[in-house]
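The values are calculated or read from the model by the stated rules, or taken from the named source; none is laboratory data. Note that the structure is predicted; figures quoted are calculated from it, not measured. Note that we place each Cβ from the backbone using ideal geometry, even for glycine, and neighbour counts take in every protein chain shown. What goes into the accessible areas is simple: the full protein's heavy atoms, side chains included, and nothing from ligands, DNA or RNA. Shrake-Rupley method; radii C 1.70, N 1.55, O 1.52, S 1.80 Å.
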Amino acid sequence: RSPILRRVLSATASADPAEVLSGRVPWQQQIGRDDRTGLYYFVAAGTGARFLPLLEQPIDQGPIAQMKSTFDFVIIDSPPVMRVADATVLARIADTIMFVVAARRTRQRTVVEGLRRLMVAAKPLGIVLTNTDEQPSAEDVYAGYPRRRGRWAAFASRFQIG
């Protein structure tokens with residue numbers, strides 16, 4: 001809906017996702033490649049309003065299944081789960097979900113509701129915490145794993161996290 005990837009990668013290749021998912025535009029012609037990283041990418045351009053119904057159809061032989069068989073990983077960056085329905089629909093076709101949360105900016109109740117919405121897809125789900133300045137100890141074998149205490153402990157136990 002608002003692709004930032006185009007600016008980050010100086011992307012020129014883009015197409016309406018509905019055109020690609022319907023097969024009217026071959027996805028192979030819309031893939032770009034970043035010379036610096038070797039990353040292949042597709043920038044979805046357009047409102048996205050027409051592509052959600054296409055995602056709810058069987059995708060066994062469609063463009064996403066073809067991409068999965070062509071590449072080692074297919075990463076789909078969706079709009080925020082609390083803003084539009086795209087994330088919950090895309091979660092159904094994903095193998096794994098990564099939920100990105102901004103530290104000190106996202107309220108706990110928003111995280112809980114976002115997780116609830118994504119968990120209906122019944123897929124493995126991980127959380128990435130961004131915008132944190134905490135540094136794990138060099139000798140800490142479990143660096144990056146939070147200690148269960150306070151509000152985090154209640155939250156983590158509610159979702160069996162950590």
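Are there any pairs, at least 6 apart or on different chains, whose C-beta atoms fall under 9 Å, with the first in the range 97-108 and under 20 Å from Ala122 (Cα atoms) and among the hydrophobic types (A, V, I, L, M, F, W, C) and the second open to solvent by 90 Å² or more (accessible area, probe 1.4 Å) and part of a strand (DSSP E or B), and if so, which?
Val100/Leu129; Val101/Leu129
Quick one: how many residues across the range 14-35 are in a strand (DSSP E or B) and over 15 Å from Leu54 (Cβ atoms)?
3
Tell me, please, whether a residue that is surrounded by 11 or more Cβ atoms within 10 Å (Cβ to Cβ), hydroxyl-bearing (Ser, Thr, Tyr) and at pLDDT below 85 can be found in the range 93-106.
Among the residues of the range 93-106, not one is surrounded by 11 or more Cβ atoms within 10 Å (Cβ to Cβ), hydroxyl-bearing (Ser, Thr, Tyr) and at pLDDT below 85, which makes the answer no.
Keeping to the range 38-75, report how many residues are surrounded by fewer than 16 Cβ atoms within 10 Å (Cβ to Cβ), at pLDDT 85 or above and under 27 Å from Arg116 (Cα atoms).
Residues in the range 38-75 being surrounded by fewer than 16 Cβ atoms within 10 Å (Cβ to Cβ), at pLDDT 85 or above and under 27 Å from Arg116 (Cα atoms): 4 in total.
Asp35: surrounded by 16 or more Cβ atoms within 10 Å (Cβ to Cβ), modelled with pLDDT of 70 or more, over 21 Å from Ser69 (Cα atoms) and charged (D, E, K, R), yes or no?
Working: surrounded by 16 or more Cβ atoms within 10 Å (Cβ to Cβ): no; modelled with pLDDT of 70 or more: yes; over 21 Å from Ser69 (Cα atoms): yes; charged (D, E, K, R): yes.
Answer is no for this residue.
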